[in-house]
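The values are calculated or read from the model by the stated rules, or taken from the named source; none is laboratory data. Just so it is clear, the structure is predicted and the values come from calculations on it, not from any experiment. Cβ: placed from backbone, ideal geometry, glycine included. Neighbour counts: every protein chain shown.
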Amino acid sequence: MNLLKVAICGGGRTGHLNAILFKQLPHVQVSMLTRNRSIIEQHALQVPMQALLPDGSTVQARLDRVSTDARAAVEDADIVIITVPAHARAQTLKDIAPHLTTSKPVYIGAIPGFCGFDWLAEATLPDRPNLVIWGMKDVPHTAFELTPGRSIKMGGGKSRLYVATHAREPQSAQRQLEKILTRLYGPCVTMLDDYLEITLTPGNPIMHSSVIYGLIGPYGQWHRKIFAQPLCWWSECPELGAYFLERMDQESQGLCAAISQRMGINLSSVKSLKQEIVEAYGEQIRDPSSMLSILRTNQAYNNILAPMVPAPGNRAGYVIERQSRAFNEDVAYGLVLLVEMARRLDFKVPYMEEVLNWSIGYMQGLGDCALDYFPHQWPRPATAAA
Ligand SMILES: NC(=O)c1ccc[n+]([C@@H]2O[C@H](COP(=O)([O-])OP(=O)(O)OC[C@H]3O[C@@H](n4cnc5c(N)ncnc54)[C@H](OP(=O)(O)O)[C@@H]3O)[C@@H](O)[C@H]2O)c1
C-alpha cells in the first residue's frame, strides 16, 4: 500500500480528532498546521494526542509533523483538509498556496465544506490545475472538550459522509478522491453530484441567526436587555426564534427549487432542516411535532450554551457576543451567501433578509464575507460568461 500524506490545517477540535483517527490507519502520514504554540510544545515533548471515544475507550497518536510553518505542514501533502472556521479559510489558503506541490494532484478540501468553499478555493488558488477542490457536507463526528496537543472527546458520528467536488473537477479526479476518503473514513463516503448540495443544505447559518433574532432582535423579549445568566441555545429557544427558523427553512427549500429549475440540476437530496434534524436525532427528540418542540426537546442539544459574554460597563449579567462565530462565520459566510443567491435569481426571501439586515447592524457592519469570493457571473457557469 502506498503512503498517503495528509495535511490538516487548524489545530482545533475537528483537526485534532481527524488527525488522531487517521493515525490509527496503516501507511498514513499526518501533519498539522497550527498557530497554537502549546500543540507544538506537546509534540516536541513527544506527548501523544488522545481521543476519548463515545464508548469510553481511548486511542492515541503521535503525528508525524506539527508546525506553525505552512511549508513544513503541506509541502508534500497528497490531501489537505482545512478545518478552520469559514471566516479563517481565506487566510489559511493564502498561507499554504505557495507551498503546495505542483508535481502531483493535491486534493484540497474543507470539513465542513459549507459557505461556498469551492468558490473560495477557486478564487484564492487560481491557475493551479493539479489542485482538486472538494468539501464534506458535515463533520464526520462532533468533537468537544479539547486540550490542545493532548486530548479531544469524540461525539456522535454520521452514518454517511457526503462529499462533493468543485464543478470543474473531472470524474477521474472525483473517483480518486473517493478512494482516498474511503481509505481515511471507510465505506460510508458518498459522492454528491453537485457542490450546491452542500452549500444549500440548511444548518447553522439559519439556525443560529434566527434564534438570536428571536431572543434579542426588535421583537424579542430580551431586546436591549441583559440576561441574568447564560442561556441554552436550544432547550431555551424562544418561540419567535423557532418561528423565524421555520420560515427561513421554507425559504431555503424554495431557493433550492428555484436554483434547481434555473440551472437544470437535481438538488432533491437537499432536505429541509426539520427533516435533517429529525432523521439525524430520531428517538432523542421527545416531541418532533413542530420546529420549536424539535429544538427544545432534542436531548442531543441539551446544555449547549448560546454565545454570551459578560455585559459591558461592569453591569451584572450577560449579552450575546457580537464577535461570536454565530455572526462572523454563520452570518457573514453563510446567511449572506443564501440571500445573495436569492437576489441573483430574483427569488424573494424576506425572513432571511430581515434577520440578515438586523444581524449586520448588531455586528456593527459586515467586514470580510462570502461576497468577497462568490462568483460575479453566478448562476451562469464561468465558461458561458466569458
Ligand atoms: N466541533 C464540532 O463538533 C463541530 C460540529 C459541527 C461543525 N463544526 C464546524 O467545524 C469547523 C471547525 O470547528 P471546530 O469545532 O473544530 O473549531 P475550533 O475547535 O475552534 O477549531 C478551529 C481552529 O481553527 C484555527 N483558526 C485559524 N484561524 C482562526 C480564527 N480566525 N478563528 C478561530 N479559529 C481559527 C484554530 O486552530 P490553530 O490555533 O491551530 O490555528 C482553531 O483552533 C467550524 O466551521 C465549525 O462550525 C464543528
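Counting just the residues of segment 61-97 that are near the ligand (Cβ under 10 Å from one of its atoms) and within 26 Å of N2 (Cβ to Cβ), which one comes out nearest to the chain's Cα centre (by Cα)?
T83
Counting only residues that are over 18 Å from the mean Cα position of the chain (by Cα), give me the helices (runs of 4 or more DSSP H) lying completely in segment 172-288 with at least 1 of them.
In segment 172-288, the matching helices (runs of 4 or more DSSP H) lie at 204-216, 239-263, 273-281.
Identify all residues within segment 139-178 that are within 16 Å of the ligand (Cβ to nearest atom), within 27 Å of W378 (Cβ to Cβ) and touching a Gly at 6+ places or on another chain (Cβ under 8 Å); write none if there are none.
Matches in segment 139-178: V163 only.
Looking at this structure, is Q24 part of a strand (DSSP E or B), at pLDDT 95 or above and away from the ligand (no atom under 13 Å from the Cβ)?
It is false that Q24 is part of a strand (DSSP E or B), at pLDDT 95 or above and away from the ligand (no atom under 13 Å from the Cβ).
Name every residue in segment 1-50 that is without any contact (Cβ under 8 Å) to a residue 40 or more places away in the chain and either farther than 23 Å from T142 by Cα or touching an Asp or Glu at 6+ places or on another chain (Cβ under 7 Å) (or both), in order of residue number.
M1, N2, L3, P26, H27, Q29, V30, R37, A44, L45, Q46
Among the residues of segment 50-60, which ones are within 14 Å of the ligand (Cβ to nearest atom) and part of a strand (DSSP E or B)?
A51, L52 - these are the residues of segment 50-60 that are within 14 Å of the ligand (Cβ to nearest atom) and part of a strand (DSSP E or B).
For the condition part of a loop (DSSP other than H, G, I, E, B) and closer than 19 Å to G12 by Cβ, what is the one hit in L63, L93?
Within the list L63, L93, the selection yields L63.
Would you check if there is a residue in segment 240-254 being out of contact with any strand residue (DSSP E or B) (no Cβ under 7 Å at 6 or more places or on another chain), of a type in the set (G, A, S), surrounded by fewer than 20 Cβ atoms within 10 Å (Cβ to Cβ) and under 25 Å from T142 (Cα atoms)?
No, there is no match, as no residue in segment 240-254 is out of contact with any strand residue (DSSP E or B) (no Cβ under 7 Å at 6 or more places or on another chain), of a type in the set (G, A, S), surrounded by fewer than 20 Cβ atoms within 10 Å (Cβ to Cβ) and under 25 Å from T142 (Cα atoms).
If D127 satisfies all but one of (1) more than 25 Å from V189 (Cα to Cα); (2) in contact with a helix residue (DSSP H, G or I) (Cβ under 6 Å, 6 or more places away or on another chain); (3) without any contact (Cβ under 8 Å) to a residue 40 or more places away in the chain, what's the number of the condition it fails?
The single condition D127 does not satisfy is (2).
Kindly provide the set of residues from segment 300-358 that are touching a Cys at 6+ places or on another chain (Cβ under 9 Å) and farther than 25 Å from A90 by Cβ, ordered by number.
Scanning segment 300-358 gives Y301, N302, N303, I304, L305, A306.
Considering (1) surrounded by fewer than 19 Cβ atoms within 10 Å (Cβ to Cβ); (2) in contact with an Asp or Glu (Cβ under 7 Å, 6 or more places away or on another chain); (3) not charged (D, E, K, R), say which one V132 fails and leave the rest.
(1)
For segment 106-115, state whether one or more residues are in the same structural domain as S38 (by TED's automatic domain parsing), part of a loop (DSSP other than H, G, I, E, B) and either touching a Leu at 6+ places or on another chain (Cβ under 6 Å) or more than 23 Å from M32 (Cβ to Cβ) (or both).
No.
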